[in-house]
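Asker: Please read through the structure below; I'll follow up with questions.
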Amino acid sequence: MDLKLGDYKTQVHNDWCPGCGDFGIVNAIQMSLAEMQIPRHKAAIFSGIGCSGKTSHFINVNGIHTLHGRVLTFAQGAKLANPDMTIIAAGGDGDGLGIGAGHFVAAGRRNLDITYLIFNNGVYGLTKGQASPTLKLGEKTKSLPSPNTNYNVNPIGLAIASGFTFVARSYAYDVRHLKDTITAAVRHKGLSFIDVLQPCPTYNDINTRDWYSGMDQADEITKMAKPRIYKLEESGYDPLVHYDTETELNEKLTQALIKSLEWDTKIPIGVFYKNEIISQYDRRLTDKIPNYLENPPASQIISTNGKSVTDISRILDSLSV
Amino acid sequence: MTLTDVSWLIGGPQGSGVESAANIFSRACAAMGYQIFGKREFHSNIKGDHSYFTVRVSDQIIRSNVNDVTIMMAFDAETIFRHYDEVIKNGAIVYDSDISETTLNETHTIDNQYRTRLLARLSLKKKPATIQGVLDIAKENGVKLYPISFKTVLSSLADEINNPKIKGMVRMYNVLGVSFSLGVLKMPPKTLLDSIDVIFSKKQAVADLNKKTATFAYNYAAAKFVDFEYTLKPTTKKQNTIMVQGYHGTALGKMACGCRFQPYYPITPASDESVFLESNELVDVIDNRPGSTLVVQTEDEIAAIGMTIGGALTGTRSATCTSGPGFSLMAEALGWAGINEVPIVITTYQRSGPSTGLPTRHGQDDLLSTIHAGHGEFPRIVYASGDVEESFYDTGRCFNYADVYQLPVIHMMDKFIGSSVVTCNKFDTEKITINRGKLLDKVDGNYQRFALTPDNISPRSKLGLENGVFWNTGDESDESGHITEDPELRIKMMDKRLGKLLHILKTIPDDEQAISYGKAEICVISWGSPKGPILDALQMLRKENVDIGFIQIKLLHPFPKDYVEFLLKDVKTIIDIEANHTGQLGELLKQNLERGPDFYIIKYTGRSMTSTEIYDSLKNIIQNKAQKRQVLTHGS
Ligand SMILES: Cc1ncc(C[n+]2csc(CCOP(=O)(O)OP(=O)(O)O)c2C)c(N)n1
Ligand code: SF4
Ligand SMILES: [Mg+2]
């Protein structure tokens, strides 16, 4: 039976502010799940804490709304124990790049087959608009008492440096592009990251929808807005690491890093970097546990009729005196 | 028949192989049929600082160390400076005579506090601050001195077996030390050689060389020192005995009861367990393909508990293992597991805090903080084991509690148990039952994760189960797991979760809640590792016709008020024994029974209790010589 878009929606009341970019992100996730026809019980959305954290309640697959900054830890635990699950982690920029930054880096080093979306709105939405780690130095969004004193984190650059093997950016109001990016990210074998530019109309009065559309930088002659956002895939950019050589790898890493620095007047979205050569974490596990994928922790039979079926006698014999 | 009860101490710089020497010694004695109780003390340092091992050997059941050392083996100066006065009259110090001129001054690893204390003692006795000085004192105390030049012995051995390479081989000192000791104790050398074979089983040439060295050294000491009154004669061997390290109980318990996922972050003294699990990650399964315990080293303890919860949500029995500092970091997620009713087990090997505290030393400081860890009110179970053997079976119980009551269970262990080496009965997997509670493997129709039920426990789905899609949140939620702030639902959900505590007390059998070892008007209460030294001390007192009862409380939260009250009904004097400063179990008692301990025997030096100390303190109480609070200090 075909699963429809509606099958992936819950009836839960949505309390995001009108016009919030988060609506677009939830829609895109639902559309992507429907497109991939992932059975509802085989998918799980893990979310952090923040406005963005509520995402898991609006999608009609397993939804685990975790702790501030810890979403990746819960998500990875579930994936490790049941590699059969399709797992999408979602959270705010404060969640993932502030309090949870250590987990971000560690997850990159593991490269589990998970997709992680950061809702990048430059602010801490749910706590009323403090600066998030992605807000630029010196910027003052409307509820900041004074301009931001920290340099910003570059999410794309950090993901690449940490070992994520699929690194992309998309835009909350370009739902189709975002849906396609999510689908590509989920289909990628390994850890994928999407930096989702998400306007927060309530607290971020700098990176607004109009700003992204370039309303402030009209063409002098045509008087038309010059959109900041452009698509990498339409600019001849090739994110894929084609060969397992140092030169190729360095070239693709450098290219992605340089691309990620483009901001003020032109902002690229699309896939920055894709590496299918670096081993996935489950491969690394099967090197030590050959039947890990056929018999992962969640599938193992541990008892019959209340009695343990584990045989520890080999070890006990070695301890016998 | 006279009883055999010998305590052997070996010391040396960290990283010099003291541990492997102790291992060979213990194995040899255990294989001979003796019971072993060994414990390791070490500094938070990798190479150079003093570490030592005491191994008590007896033909009776023993559960603790004693103060007295019967025979001390020293091949470095610090061991002698530190421990010379622990050796009893007619005991012996076997030592490397090449170090007898060493001065206290040149023994740099000794800290200033001890140096000052020792200098004062030496000057009082008018002895020089040298090895010879302290040995003189020992001799005056009636201790036998058995000097051996390790260098000379190696040299003669090298000549005898025509292998000049081993002449200066310091690596051999451990085997030499063990063999000299067993020679002095006249224990037949067969099991010594066997145990060398076992320990070096992967390197035949090394094993052979070590055996030659052992035989030579054994014969040398046995021939030279014939006046030692303590001996280890052949004894009858108990069937089904194993010799285990402290962490083997929880590690093997986890394997046996089906824990298949353990994320962890390294910390002393807890990581030994995880490393053992990972070293044995392929698990044999009866009549089936092998299973595995997936052990993942995480970036911190927050990640460790987050992953553990994630694993548990898939229906996998999942656990983590940590110690104080790591457990503190887990507090927030503990509450998440509580509100979402996720069965996880956290094994915590306590050490002395606060903060880093005494990171390689023992303590039981974390009872109250564990019971209260995390903000908000949520149910949890805190359960404590008293020794290694218990911890194997308790691990199985902890996972059952977690599954049946759907909550986090904290299994409290400590450094004393963790770094002990003991003989005990072979663990019996047959005695472990596995109860997964209301975990579903099939769902029909509408599913609600937090459905309200009469016993407050809802059927539990798992990630990946068809029709069993569910939601969790750290917010208060409705029955389906979606956020709510409705006051009426809040009451229902709080009552549901916290109502489990009463259900727990009603359904966990009494003998799993607490163990009563005989009733008497005077009764000791304790929890965790003091169990061994308490039982040994009570046995010593019983020989003097003094009867003291003992209640070991295992379920510490929810507190088994009714059962403990029943056990204490006729007790006139309560003595609380535990390894912390404030008497935390005593506090629990006061909170729950409106009655507190009359006496406290406590220790917070970071060193474990000996049965001797407890015996002495209990005697003080009986003889009306005791203060309300006796603080134990033995051990360097
Ligand atoms: C440990 C902890 N500290 C602080 C908070 C308070 N808090 C809730 S949401 C949030 C920040 C949210 O910002 P972000 O992650 O960017 O998500 P957004 O709301 O912008 O989607 C904070 C600090 C918390 N929930 N937990
Ligand atoms: S505060 Fe911002 S991020 Fe949060 S819901 Fe409102 S608009 Fe969206
Ligand atoms: Mg944000």
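The values are calculated or read from the model by the stated rules, or taken from the named source; none is laboratory data. Quantities reported herein were computed from a predicted structural model and do not represent experimental measurements. Here Cβ is always computed from backbone atoms with ideal geometry, including for glycine, and neighbour counts include all displayed protein chains.
Asker: Consider A:Gly190 against the criteria (1) small (Gly, Ala, Ser); (2) closer than 15 Å to A:Ile118 by Cα; (3) part of a loop (DSSP other than H, G, I, E, B): it satisfies all of them except one. Which criterion is unmet?
Answerer: Every condition holds for A:Gly190 apart from (2).
Asker: Tally up the residues in segment B:480-519 that are under 20 Å from B:Arg380 (Cα atoms) and within 14 Å of another protein chain (Cβ to nearest Cβ), please.
Answerer: Of the residues in that region, 1 qualify.
Asker: For B:Ile62, only one of the following conditions fails: (1) in a loop (DSSP other than H, G, I, E, B); (2) closer than 27 Å to B:Leu154 by Cα. What is its number?
Answerer: The failed condition is (2).
Asker: Now for a different question. Please go through segment B:317-327 and give me each residue that is in contact with a Lys or Arg (Cβ under 7 Å, 6 or more places away or on another chain) and either over 23 Å from B:Ala384 (Cα atoms) or more than 7 Å from chain A (Cβ to nearest Cβ) (or both), ordered by number.
Answerer: Residues satisfying the conditions are B:Ala319, B:Ser323, B:Gly324.
Asker: Going by the conditions given, is A:Tyr281 within 7 Å of another protein chain (Cβ to nearest Cβ) and either touching a Ser or Thr at 6+ places or on another chain (Cβ under 6 Å) or touching a residue at least 60 places away in the same chain (Cβ under 8 Å) (or both)?
Answerer: no
Asker: Right, another one. Looking only at segment A:55-73, decide whether some residue is out of contact with any helix residue (DSSP H, G or I) (no Cβ under 7 Å at 6 or more places or on another chain), within 16 Å of ligand 2 (Cβ to nearest atom) and either touching a residue at least 40 places away in the same chain (Cβ under 8 Å) or over 30 Å from A:Pro147 (Cα atoms) (or both).
Answerer: Yes: segment A:55-73 contains one or more residues that are out of contact with any helix residue (DSSP H, G or I) (no Cβ under 7 Å at 6 or more places or on another chain), within 16 Å of ligand 2 (Cβ to nearest atom) and either touching a residue at least 40 places away in the same chain (Cβ under 8 Å) or over 30 Å from A:Pro147 (Cα atoms) (or both).
Asker: Please name all residue pairs, on different chains or six or more residues apart, with Cβ atoms under 6 Å, provided the first residue is in segment B:581-600 and is crowded, with 23+ Cβ neighbours inside 10 Å and the second residue is among the aromatic types (Phe, Trp, Tyr).
Answerer: Sorted first by the residue in segment B:581-600, then by its partner, the pairs are B:Leu585/B:Trp527; B:Leu588/B:Phe559.
Asker: Search segment A:131-147 for residues that are within 16 Å of A:Gly50 (Cβ to Cβ) and pair each with any residue that is β-branched (Val, Ile, Thr) and more than 13 Å from ligand 3 (Cβ to nearest atom) when their beta-carbon atoms are under 6 Å apart and the residues are at least 6 apart or on different chains.
Answerer: What qualifies is A:Thr141/A:Ile206.
Asker: Same structure again: Would you pick out the residues in segment B:371-396 that are more than 21 Å from B:Leu505 (Cβ to Cβ) and of a type in the set (D, E, K, R)?
Answerer: B:Asp387, B:Glu389
Asker: Tell me which helices (runs of 4 or more DSSP H) are completely within segment A:218-321 and hold 1 or more residues being closer than 18 Å to B:Leu277 by Cα and out of contact with any Phe, Trp or Tyr (no Cβ under 6 Å at 6 or more places or on another chain), or say none if there are none.
Answerer: A:281-288, A:313-319
Asker: Of all the strands (runs of 3 or more DSSP E) wholly in segment B:402-480, which have at least 3 residues that are surrounded by fewer than 22 Cβ atoms within 10 Å (Cβ to Cβ) and in the same structural domain as B:Ser391 (by TED's automatic domain parsing)? Before the answer, list the steps.
Answerer: Working: elements: B:408-414, B:420-425, B:471-473.
Result: empty, no element qualifies.
Asker: Considering every residue within segment B:437-446, establish whether at least one is within 30 Å of B:Lys39 (Cα to Cα) and touching a residue at least 60 places away in the same chain (Cβ under 8 Å).
Answerer: No, the conditions are met nowhere in segment B:437-446.
Asker: Out of all the residues in segment B:436-454, which are touching a strand residue (DSSP E or B) at 6+ places or on another chain (Cβ under 9 Å) and within 11 Å of another protein chain (Cβ to nearest Cβ)?
Answerer: Within segment B:436-454, B:Arg436, B:Arg449 meet the criteria.
Asker: Taking strands (runs of 3 or more DSSP E) that do not extend beyond segment B:258-315, which have at least 2 residues that are out of contact with any Phe, Trp or Tyr (no Cβ under 9 Å at 6 or more places or on another chain) and more than 7 Å from chain A (Cβ to nearest Cβ)?
Answerer: B:259-264
Asker: Also: Out of segment A:125-134, which residues are surrounded by fewer than 24 Cβ atoms within 10 Å (Cβ to Cβ) and near ligand 2 (Cβ under 9 Å from one of its atoms)?
Answerer: A:Leu126, A:Lys128, A:Gly129, listed by residue number.
Asker: What are the pairs with Cβ atoms under 9 angstrom where one residue, in segment B:216-243, is away from chain A (no Cβ under 14 Å) and the other, located anywhere, is exposed (fewer than 12 other Cβ atoms within 10 Å of the Cβ)? Sequence gap at least six, or different chains.
Answerer: Between residues of segment B:216-243 that are away from chain A (no Cβ under 14 Å) and residues that are exposed (fewer than 12 other Cβ atoms within 10 Å of the Cβ), the close pairs are B:Phe216/B:Glu160.
Asker: Still on this model: In segment B:193-200, is there at least one residue being closer than 24 Å to B:Leu3 by Cβ and either under 30 Å from the mean Cα position of the chain (by Cα) or buried (at least 17 other Cβ atoms within 10 Å of the Cβ) (or both)?
Answerer: First, the residues of segment B:193-200 that are closer than 24 Å to B:Leu3 by Cβ: B:195.
Next, only the ones that are either under 30 Å from the mean Cα position of the chain (by Cα) or buried (at least 17 other Cβ atoms within 10 Å of the Cβ) (or both) stay: B:195.
Yes, there is a match, as at least one residue in segment B:193-200 is closer than 24 Å to B:Leu3 by Cβ and either under 30 Å from the mean Cα position of the chain (by Cα) or buried (at least 17 other Cβ atoms within 10 Å of the Cβ) (or both).
Asker: Give the residues of segment B:320-354 that are farther than 27 Å from B:Phe450 by Cα, in contact with a Gly (Cβ under 7 Å, 6 or more places away or on another chain) and surrounded by fewer than 24 Cβ atoms within 10 Å (Cβ to Cβ), sorted by residue number.
Answerer: B:Gly353
Asker: In segment B:70-102, what residues are under 21 Å from B:Val175 (Cβ atoms) and assigned to a strand (DSSP E or B)?
Answerer: Within segment B:70-102, B:Thr70, B:Ile71, B:Met72, B:Met73, B:Ala74, B:Ala92, B:Ile93, B:Val94, B:Tyr95, B:Asp96 qualify.
Asker: For B:Met255, are the conditions met, namely being surrounded by 24 or more Cβ atoms within 10 Å (Cβ to Cβ) and facing chain A (nearest Cβ under 9 Å)?
Answerer: So B:Met255 fits the description; yes.
Asker: Can you name the residue in segment A:27-54 that is within 16 Å of ligand 3 (Cβ to nearest atom), touching a residue at least 60 places away in the same chain (Cβ under 8 Å) and more than 9 Å from every other protein chain (Cβ to nearest Cβ) and, of all such residues, is farthest from A:Arg110 (Cα to Cα)?
Answerer: The qualifying residue farthest from A:Arg110 (Cα to Cα) is A:Cys51.
Asker: Considering only segment B:1-26, how many residues are in contact (Cβ under 8 Å) with a residue 40 or more places away in the chain and touching a strand residue (DSSP E or B) at 6+ places or on another chain (Cβ under 8 Å)?
Answerer: Looking only at that region, the number is 17.
Asker: Would you mind telling me which numbered condition in (1) away from ligand 3 (no atom under 14 Å from the Cβ); (2) assigned to a helix (DSSP H, G or I); (3) more than 14 Å from chain B (Cβ to nearest Cβ) A:Leu97 fails?
Answerer: For A:Leu97, the failing item is (1).
Asker: Please go through segment B:581-604 and give me each residue that is in contact with a Lys or Arg (Cβ under 8 Å, 6 or more places away or on another chain), outside any strand (DSSP E or B) and closer than 23 Å to B:Pro269 by Cα, ordered by number.
Answerer: B:Gly583
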